[in-house]
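The values are calculated or read from the model by the stated rules, or taken from the named source; none is laboratory data. These numbers come from a predicted model, not from an experiment. Note that each Cβ is placed from the backbone with ideal geometry, even for glycine, and that neighbours are counted across all protein chains shown.
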Amino acid sequence: MATKRYRRDLKGLELRRRKGMRMLARGEVQAEVARRLQVSRQTVSSWARKLAEDAQAWRRKPLGRPGGLDVAQKKWLGKALLAGAVANDFPTELWTLARVAKLIERELGVRYSTVHVWRILHELGFSSQRPTGRAIQRDEAAIKQWRTKRWPALKKSPAEKAAPSSSSTNPD
């Protein structure tokens, strides 16, 4: 069963927090603020603590980790990816999530997991790709010779039964 993903309404949460802090600053009771804004009393209590520390706390944005790459950085990343991996000092043209993460960290100073790099690439319109053709260097004659002569010599074949098994589960 697939689960539905919901995004938190961050602007709505901030508006509610600011409204609650203004109500507390006017002297309204914490329980009433919690009831009217449909939040827990613990939440209102934390707002009240912040107001006690700083009367203008309701004006401030909440602290926390800053968001991801900005628009200019994402635009730069898209151009860097289109330029190719070799142009970005990698030995081959293969882009992997780990390589993209390394590029972001090296050039933009932000460290991301490969999962988050995938999200960024998806947001930029990139998708995972597999090569459609075969390698230019491919030697069909050598491959055919290997399959017909070398592979059979390497392939293991079942050994002849010489002695009975010592396993208690095998009747032989």
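Structure summary
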read-out	value
Test: residue in segment 57-65 that is surrounded by 12 or more Cβ atoms within 10 Å (Cβ to Cβ) and at pLDDT below 85	yes
Residue list for segment 99-141, restricted to those being in a loop (DSSP other than H, G, I, E, B) and of a type in the set (D, E, K, R)	111, 130, 134, 138, 139
Test: residue in segment 46-53 that is in a helix (DSSP H, G or I), within 33 Å of the chain's Cα centre (by Cα) and either at pLDDT below 80 or of a type in the set (Gly, Ala, Ser) (or both)	yes
